[in-house]
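Peer 1: The structure under discussion is supplied below as structure tokens; questions concerning it will follow.
Read-outs throughout are calculated quantities, based only on the coordinates presented, and are distinct from any laboratory measurement. This structure is a prediction, so every number in the text was calculated from the model and none was measured. All Cβ positions, glycine included, derive from the backbone under ideal geometry; neighbour counts span all protein chains shown.
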Amino acid sequence: MIENQLRLRLAATEMQQEDFEEARSTLKQIETESPAALQASLLMAESYRLTDESGQALNWFLRTAQHYPYRTTTLNGLLSAAHDEQSRNTNLSAALYAEISKQSLFALGQLDRFKQHDDLDPMAVIFPSDLDEAVRKTLLRRSLRHPEHNLLKQTGKLKQSVSAIISLQQRHELVQQELRQLTQTLAQYQSQQQALTKQLQTGDQTLAMLTAKLIPNDFSTEQTQIRQHITRLRNQQARQRAQLAFIEHSQQTLPEIANNLEKQLQTLHQNAQKQLASSHTAVISVLEDSIAAYRAELSDLAAEAQLQRSELMLSSQ
């Protein structure tokens with residue numbers, strides 16, 4: 001990139017020294033994908049214009065307009081050349097004004113289509129969309145160079161926010177399943193509670209009957225069996241009461257667990273929505289500023305080109 005910039009400066013110096021062939025040779029060494037390629041192409045056209053080779057100059061100006069269309073830098077370069085050629089070559093001047101007007105009006109039409117919607121869709125600029133690809137890339141390039149906002153950073157945040165929302169939606173489905181399972185568990189506990197309560201009531205009645213049959217200081221086989229039965233029944237009831245206590249405790253805590261899960265999801269969702277709104281707002285702000293500036297420059301270029309071409313055509317009649 002540095003080498004290409006140096007070649008661009010060297011070519012400009014060579015043109016100032018009227019060494020146009022050497023300048024063109026230097027410009028041809030600049031890589032076409034380089035950021036300096038646009039300026040190199042305009043300088044190449046300018047080198048032919050300055051040597052009165054109007055055919056070559058027109059070809060290079062139009063080639064530049066085709067390779068780097070809808071860029072205000074390109075159109076301003078064409079406008080400057082058109083102004084300079086008014087007195088020397090009216091045909092070249094008129095052709096350049098026509099190209100400026102055509103490209104400016106087309107790009108304005110694309111921006112008008114994009115602004116028809118109340119809400120700007122950042123994805124229509126960030127990714128290929130219905131917008132003309134060259135206009136979209138020009139607008140995106142301008143947006144990436146916004147002086148106040150870092151569009152790459154904000155779009156990264158926007159992507160993270162959208163991903164967070166999607167993850168939360170998936171998590172919400174899992175929690176809903178957990179809540180449904182908890183509801184089923186509570187229903188099962190309620191049924192078990194009723195069964196255990198009946199069993200305890202029956203057990204209490206059986207214990208009362210057995211206790212009534214006990215005879216103090218009687219250690220006969222029948223009395224021993226009654227005492228053993230009472231012991232087993234009391235142990236069984238102790239286990240049932242423990243189960244019943246667990247069920248009652250679960251019936252109290254499970255709804256609270258479910259409620260806390262819902263609250264956690266709501267909080268996470270609200271935070272993600274705020275982040276989404278913040279990053280989305282920043283992206284929209286960048287796009288709106290870039291569109292407004294781009295539109296203003298295109299409007300000025302179209303108006304200037306149309307006015308100058310009209311005056312040129314009138315003066316040549």
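Peer 1: How long are the three semi-axes of the equivalent ellipsoid for the stretch 5-119, computed from the Cα gyration tensor as the root of 5 times each eigenvalue, in whole Å, largest first?
Peer 2: Gyration-tensor ellipsoid for the stretch 5-119: 28, 18, 9 Å.
Peer 1: Further question on the same structure: Starting from the exponent 0.38 and prefactor 2.2 Å, build the expected Rg for the stretch 29-82 from its residue count and divide its actual Cα Rg by it.
Peer 2: In units of the globular-protein estimate, the stretch 29-82 measures up at 1.03.
Peer 1: Which residues in the stretch 43-75 place their backbone N less than 18 Å from a point set 7 Å from the Cα of Lys137 along the Cα-to-Cβ direction?
Peer 2: 62-75
Peer 1: Another one. Please rank Glu53, Glu85, fewest neighbouring Cβ atoms within 10 Å first, as an exposure proxy.
Peer 2: With the fewest neighbours first, Glu53, Glu85 line up as Glu53, Glu85.
Peer 1: Can you sort Leu108, Leu62 so the residue with the fewest Cβ neighbours within 10 Å comes first?
Peer 2: Fewest-to-most ranking of Leu108, Leu62: Leu62, Leu108.
Peer 1: OK, next. Label-point separation (nm) for Leu214 and Lys102, each offset 7 Å from Cα along Cα-to-Cβ?
Peer 2: Each label point lies 7 Å from its Cα, and together they span 11.2 nm.
Peer 1: Computed over the Cα atoms of the stretch 65-117, what is the convex hull's projected area averaged over all directions, in nm²?
Peer 2: 3.7
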